[in-house]
Amino acid sequence: AAPLTLKILWDPETEKVLGAQAVGSKGVDKRLDVLATALRGGLTIEDLVHLELAYAPPFGGAKDPVNIAGFVACNDRDGLVDPVHSLDQPEAQVVDIRPPALVERDPVEGAVNIPLPQLRSSLERLDRSRPVITVCALGKTSYFAARILEQNGFEVKSYSGGIRARANPFTLYKPPQG
């Protein structure tokens, strides 16, 4: 598997897909072809969730990154997550829910590390009077942590894209040489 970063833009009123960007190596062209077709066909974020795309284990998962982008947009639309795009919020407590070994390799300054499996049993470590931002490597686990904290009465946002989003892949990507 090779890393792939996918960004979609959509209209909050009509939910139509307005644009997309993708960065990575293998498979980027396929995802952009699908999203270009979605644009031309006037598809919505909900339509992206339900697309039936080719599946073969050597080439991709049962849920394609285009489907996942649709899920993320629908979670935002439905209020299941409150995304944030910056960790520069001094009033917030940042909770890094990655395993300790990953945190040691790439720490997030000022964050408290509470791995996701320990989150429910560690709620007392957090100040309920302050907002929380959850962060992980790619954004998916941060979403799960944000849902847990919200269901336990915290004001919480999920750091969109994970810590990989700290360096904008749309400006830093350099294609492989040769």
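The values are calculated or read from the model by the stated rules, or taken from the named source; none is laboratory data. If you're wondering where the values come from, they're calculated on a predicted model, not measured in any experiment. All Cβ positions, glycine included, derive from the backbone under ideal geometry; neighbour counts span all protein chains shown. For accessibility, only protein heavy atoms count, side chains too; no ligands or nucleic acids. Shrake-Rupley method; radii C 1.70, N 1.55, O 1.52, S 1.80 Å.
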message: Just to be sure before I move on: is Asp64 open to solvent by less than 80 Å² (accessible area, probe 1.4 Å) and closer than 30 Å to Val112 by Cβ in the structure I sent?
response: no
message: Among the numbered criteria (1) part of a helix (DSSP H, G or I); (2) open to solvent by 30 Å² or more (accessible area, probe 1.4 Å), which one does Ser122 miss?
response: (2)
message: For region 3-34, which positions are assigned to a loop (DSSP other than H, G, I, E, B) and open to solvent by 70 Å² or more (accessible area, probe 1.4 Å)?
response: Pro3, Pro12, Glu13, Thr14, Lys26
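The rows are residues; the columns are (1) free of Cβ contacts under 8 Å to residues at least 60 places away in the same chain; (2) within 26 Å of Ala145 (Cβ to Cβ).
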position: Thr44; (1), (2): yes, no
position: Val49; (1), (2): yes, yes
position: Glu52; (1), (2): yes, no
position: Gly61; (1), (2): yes, yes
position: Asp64; (1), (2): yes, yes
position: Asn75; (1), (2): no, yes
position: Val81; (1), (2): no, yes
- line: Over region 94-114, the set of residues within 10 Å of Val135 (Cα to Cα) and in contact with an Asp or Glu (Cβ under 6 Å, 6 or more places away or on another chain) is Val108, Ala111, Asn113
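Quick test for you: out of Asp127, Asp88, Asp82, Asp76, pick the one residue that is closer than 27 Å to Asp29 by Cα and open to solvent by 60 Å² or more (accessible area, probe 1.4 Å).
None of the others qualify; the one that does is Asp76.
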message: Would you confirm, using the coordinates I've provided, whether Leu53 is surrounded by fewer than 16 Cβ atoms within 10 Å (Cβ to Cβ) and aliphatic (A, V, I, L, M)?
response: yes
query: Restricting attention to region 69-85, does a residue exist that is farther than 29 Å from Gly19 by Cβ and in a helix (DSSP H, G or I)?
result: no
field: Subset tally (residues that are of a type outside the set (Gly, Ala, Ser) and over 25 Å from Ser142 (Cβ atoms)) for region 51-81
entry: 6
field: From the options Ile97, Ile148, residue that is open to solvent by 10 Å² or more (accessible area, probe 1.4 Å), within 30 Å of Leu51 (Cβ to Cβ) and modelled with pLDDT of 90 or more
entry: Ile148
